[in-house]
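Notes for the one structure printed next.
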Amino acid sequence: ETFHRAVSGETQLLELPDRIGGTVGLPPVGVVDMREELRAGNQNLFSRSLQSSMAHALSRKRQVLLFLNRRGTATLVQCRHCGHVFSCPRCSVAFALHAARGRLVCHRCGRTAPVPEACPVCRSRRIRFLGIGTQRVVEEVREMFPSARVLRWDSDIPTGEKGGSTLRDLVQAREVDIIVGTQMVAKGHDFPEVTLVGVVGADVGLELPDYRASERAFQLISQASGRAGRGVHPGCVVVQTYEPDNYVIRSAATHDYRSFFEREIRYRQEAFYPPFSSVVKLLYSNSDESRCRREVERVHRIAEDRAAPAGLRITGPAPAFVRRLRGRYRWQFTVRGAQPAEALCGID
């Protein structure tokens, strides 16, 4: 939206095409099709390319950053016998396994539960842990490179741990060989000795029901890639994905913001999303889902009567992306248009 205003002449565009203060340019990015890895018999979290790149960087005493925007060990706990998924009783989301804490954790409300030994539905003990998080990546790295010093950097790790030293201090003091982190480590840090960045799961968040999902995915991949080769040593990036032909992945891999923008802005215009409109989301929550839905539908009918004369478009009503949060059900609809807030003013 900001870039569109700049190229439209509404504000001034200032460009910074090259890095400042470094001796090397932006790092080359290799995209690995993880479907091909599976076909080749590699069921490891890391592609063969990333494994060899990590070994090479460590042999040269360089630092490695592995980026994955998911915390925990597994993101889904399921009974293999009946299919029951262990979910938070207050939120409509699955528990994630945090093996280091020995607990299941809800990433929405923070509620925890013990790791199950048996399914509460069928009593089967065939429990499987699916998906990956930063903690699982750390475990795999330590098994693959047992002599490497590995640091996990996400919101589960207080930044003041390790005897008062911050995580940043440990990295800059070269007391860490491999950093495994979420977006907390992908943005804004300057670690000159990091010469390899591995984006373990580039597809995370790419298909979320949010019109900005592609933009955010592009930003995260670009920001993570930008941590490589910021000092005197050249860097490289390995991006692992199951969608290598996705325009978001392709544009991020070539550091080509303009090609991403040109594709994305067409989609925004076709769907009448910002910057071609403003969006208002009307969300209602209640502990009684029937009442929640009735209230949203009532307000939706009023909004529809105002929508056509004002040139508005309405999507919904429907359950929110997280249908139940902290014990309250949530239903919503969105209104897009030039001035949706003014058209909806006074609805009660």
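The values are calculated or read from the model by the stated rules, or taken from the named source; none is laboratory data. Note that the structure is a prediction, hence the values are computed from the model and not measured. Cβ coordinates were reconstructed from backbone atoms using ideal geometry, including for glycine residues, and neighbour counts include every protein chain displayed. The protein model used for the area step is the full one, side chains on, heavy atoms only, and it has no ligands, DNA or RNA in it. Shrake-Rupley method; radii C 1.70, N 1.55, O 1.52, S 1.80 Å.
The table that follows gives values for the structure above.
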read-out	value
Environment charge of Gly188, counting only residues whose C-beta is closer than 12 Å and scoring Lys/Arg +1, Asp/Glu -1	+3
For Ile127, residues with placed amide H under 5 Å, excluding near neighbours	Arg80
Carbon and sulfur %, accessible surface of the chain computed with the full protein complex present, 1.4 Å	47 percent
Long-range amide H partners of Val64 with built H, under 5 Å	Ile178, Ile179
Length added when fully stretched, Ser147-Arg80, from 0.36 nm per residue minus Cα-Cα	20.6 nm
List His255, His4, ordered by accessible area with a 1.4 Å probe, largest first	His255, His4
Segment Ile20-Arg294, extension gain: residue separation times 0.36 nm, minus the distance between their alpha carbons	93.0 nm
Candidates Gly229, Gly188, Gly201, ranked by Gaussian network fluctuation over the chain, Cα under 10 Å, top entry	Gly188
Helix-only [θ]222 nm of the chain, DSSP H runs n ≥ 4, -39500 (n - 2.57) each, per residue, nearest 500	-9000 deg cm²/dmol
Label zone at Asp305, where the point sits 7 Å out along the Cα-to-Cβ direction: the range 316-348 residues whose backbone N lies under 16 Å	343-348
Scattering curve values for the range 238-323, log₁₀ I(q)/I(0), Debye with Cα scatterers, q = 0.17, 0.24 Å⁻¹	-0.85, -1.14
Under the Karplus curve 6.51 cos²θ - 1.76 cosθ + 1.60, θ = phi - 60°, whole-Hz ³J(HN,Hα) for the range 174-183, x wherever Gly or Pro sits	6, 8, 10, 9, 10, 9, 10, x, 9, 4
Accessible-area value, Glu262, 1.4 Å probe, nucleic acids and ligands omitted, Å²	100 Å²
Residue-span extension gain [Ala341 to Thr315] - 0.36 nm each, minus C-alpha spacing	7.8 nm
Nearest-10 value in Å² for the accessible area of Glu175, using the 1.4 Å probe	100 Å²
The range 324-339 - phi-based ³J(HN,Hα) in whole Hz, Karplus 6.51/-1.76/1.60, Gly and Pro as x	10, 9, 6, x, 10, 6, 9, 10, 8, 8, 10, 10, 10, x, 5, 9
Separation in nanometres of the label points that stand 7 Å from Cα toward Cβ, at Ala6 and Glu262	1.7 nm
Taking the chain and dividing mean pair separation by its residue count, relative contact order in percent (alpha carbons under 8 Å, at least six apart)	19 percent
Phi to ³J(HN,Hα) by Karplus 6.51 cos²θ - 1.76 cosθ + 1.60 over the range 94-107, Hz, x for Gly, Pro	6, 5, 10, 7, 10, 5, 4, 8, x, 9, 8, 10, 8, 7
With 10 Å bins from 0: P(r) over the range 190-273, alpha-carbon pairs, percent	18, 46, 26, 9, 1
Accessible area of the range 62-203 divided out per residue, in Å², using a probe of 1.4 angstrom	45 Å²
Global size of the range 93-209 as Cα Rg and Dmax, reported in angstrom	16.7, 53
Isolated Cys residues of the chain, judged by Cβ distance under 4.7 Å to other cysteines	Cys109, Cys236, Cys292, Cys345
Over the range 1-156: Rg over Rh, Cα atoms, Kirkwood Rh	1.10
Cut-off under 5 Å, modelled amide H: who pairs with Tyr242 long-range	Met34, Asp203
Part-to-part distance (alpha-carbon centres) for the range 85-121 and the range 217-241, which is given in Å	33 Å
Hull shadow area, averaged, the range 16-84 [alpha-carbon convex hull, nm²]	8.5 nm²
Where Thr254, Thr75, Thr134 fall by accessible area, highest first, once all protein chains stay in place (1.4 Å)	Thr254, Thr75, Thr134
